[in-house]
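> Have a look at this one before I ask anything.
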Amino acid sequence: MQKQLDALLDAARAELAAAADNAALEQWRVTHLGRRSEVTGLLRSVGSLAREERRAAGQAANAARRDLEAAFEARQAELRRSADGAQVDVTMPGYPVRLGSLHPLTRTLREIRRVLAPLGFRAVSGPEVEWDRYNFELLNIPADHPARDMWDTFHIHDKARPGELLLRTHTSPVQARVMEQIQPPVRVIVPGKVYRYEDRSAKNEAEFMQVEGLAIDEHITMADLRGTLTHFVRMMFGPDRELRIRASYFPFTEPSAEADMSCHACGGKGCSVCGGTGWIEILGSGMVHPKVLADVGYDPDVYQGFAFGMGVERIAMLKYGVTDIRSFYRNDLRFLRQLR
Ligand code: PHE
């Protein structure tokens with residue numbers, strides 16, 4: 001039997017060396033390792049041998065089978081290597097290099113700044129971990145005032161100063177910070193992260209961005225607010241946009257107004273983007289409350305001003321037609337590449 005195996009191995013090895021492609025390789029495997037192959041037959045026949053011969057014959061046949069398997073794998077690897085080598089064609093174009101790009105929120109933020117900068121608004125920032133005093137007190141929202149319910153707040157436990165630290169719920173605290181630091185005229189915008197203790201959904205994130213605007217001077221009226229916002233929506237969403245303001249309530253502005261723009265998708269006729277109304281709410285605004293001015297040391301009889309605050313994701317969703325706010329934070333490249 002050993003002789004038969006040796007002959008078989010020699011023949012199979014010679015054939016294998018001649019197998020030059022995958023089809024030949026597969027044919028070889030079926031012939032020499034398959035169910036009808038010679039080794040398999042020999043292995044099967046071991047059972048019919050005399051008892052004393054079985055052990056040695058079984059071992060020899062199994063060894064031969066392992067040799068064939070090893071030879072097959074080696075040849076396969078060899079063919080694969082030379083195939084790779086054959087494919088190197090230096091005249092082939094290289095793999096395309098994918099360029100990175102700015103995140104849609106970064107682009108929206110930069111556009112907002114670019115639109116407001118020529119009107120004199122300078123970008124400033126403030127802390128995301130904020131004192132209760134700035135987030136609420138100095139915005140005319142005393143402790144226990146029901147207006148606090150407008151902002152679901154993440155509080156920060158600090159043993160030394162219980163109840164005083166929180167994650168800012170809006171960028172408005174920076175209004176007070178800026179006014180404490182500088183004298184009018186004031187024209188700033190405040191881009192930044194804000195946090196709200198809210199369920200996440202397609203419409204709401206617990207962590208999102210706002211841009212605050214603040215203008216204080218001696219003769220500022222609501223017409224200036226209207227003019228600024230009208231300019232803003234036309235620069236952002238096209239020259240045909242109309243602005244509409246509706247009475248609203250914020251403790252730190254009086255009067256307060258929600259600003260809507262005519263729908264950029266349908267031009268105001270009514271569509272699915274504007275919920276059939278023709279108008280899209282874009283921000284909250286108002287004339288800075290005299291109490292807020294007085295609390296930072298400005299004389300409300302001399303100075304007035306307006307403020308507004310908008311959600312950056314909301315603006316970006318409208319601009320890019322995004323329907324789920326969470327997409328901005330999933331880092332899914334397929335989403336990001338679509339908005340490039
Ligand atoms: N801070 C308000 C909010 O987050 C928005 C706002 C800013 C309203 C400035 C009026 C003036 O809801």
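The values are calculated or read from the model by the stated rules, or taken from the named source; none is laboratory data. In this text, all values refer to a predicted model and were calculated from it rather than measured experimentally. We place every Cβ from the backbone using ideal geometry, glycine too, and count neighbours over all the protein chains shown. Heavy atoms of the whole protein, side chains included, go into the accessibility calculation; ligands, DNA and RNA do not. Shrake-Rupley method; radii C 1.70, N 1.55, O 1.52, S 1.80 Å.
> Can you tell me which condition ARG226 does not meet? The list is (1) in a loop (DSSP other than H, G, I, E, B); (2) within 16 Å of the ligand (Cβ to nearest atom), and all the others hold.
It fails just one condition, (1).
> To continue, here is another question. Out of the helices (runs of 4 or more DSSP H) lying entirely within the range 233-340, which hold 1 or more residues that are within 16 Å of the ligand (Cβ to nearest atom)?
Fully inside the range 233-340 and qualifying: 290-295, 312-320.
> Out of the residues in the range 143-170 that are open to solvent by 60 Å² or more (accessible area, probe 1.4 Å) and under 30 Å from the mean Cα position of the chain (by Cα), state the one that is nearest to PRO184 (Cα to Cα).
MET150
> If I filter the range 233-292 down to residues being under 29 Å from the mean Cα position of the chain (by Cα) and under 19 Å from GLN304 (Cβ atoms), which single residue comes out as surrounded by the fewest Cβ atoms within 10 Å (Cβ to Cβ)?
Looking at the filtered set, the residue picked out is GLY284.
> Something else: For the subset of the range 1-56 comprising residues that are in a loop (DSSP other than H, G, I, E, B) and basic (Lys, Arg), which member is most open to solvent (accessible area, probe 1.4 Å)?
So, considering only residues that are in a loop (DSSP other than H, G, I, E, B) and basic (Lys, Arg), the one most open to solvent (accessible area, probe 1.4 Å) is ARG36.
> Please go through the range 205-222 and pick out each residue that is of a type outside the set (Asp, Glu) and within 13 Å of the ligand (Cβ to nearest atom).
Correct list: PHE208, MET209, GLN210, VAL211, GLY213, LEU214, ALA215, ILE216, MET222.
Here's the yes/no breakdown for (1) assigned by TED's automatic domain parsing to the domain that holds VAL296; (2) within 16 Å of the ligand (Cβ to nearest atom); (3) out of contact with any Lys or Arg (no Cβ under 9 Å at 6 or more places or on another chain); (4) among the aromatic types (Phe, Trp, Tyr):
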| position | (1), (2), (3), (4) |
| --- | --- |
| LEU109 | yes, no, yes, no |
| GLY126 | yes, yes, no, no |
| VAL129 | yes, no, no, no |
| ALA143 | yes, no, yes, no |
| ILE156 | yes, no, yes, no |
| ARG161 | yes, no, yes, no |
| THR169 | yes, yes, no, no |
| ALA176 | yes, yes, no, no |
| ILE182 | yes, no, yes, no |
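> Return the total of residues in the range 122-142 being open to solvent by 60 Å² or more (accessible area, probe 1.4 Å) and farther than 16 Å from PHE208 by Cα.
4
> For the range 293-340, enumerate the residues that are of a type in the set (A, V, I, L, M), loosely packed, with under 14 Cβ neighbours inside 10 Å and touching a residue at least 24 places away in the same chain (Cβ under 8 Å).
If the condition is that a residue be of a type in the set (A, V, I, L, M), loosely packed, with under 14 Cβ neighbours inside 10 Å and touching a residue at least 24 places away in the same chain (Cβ under 8 Å), then VAL302 is the only one that fits.
> Which is touching a Cys at 6+ places or on another chain (Cβ under 7 Å) and not hydrophobic (A, V, I, L, M, F, W, C), of GLY278, GLY268, GLY284?
GLY278
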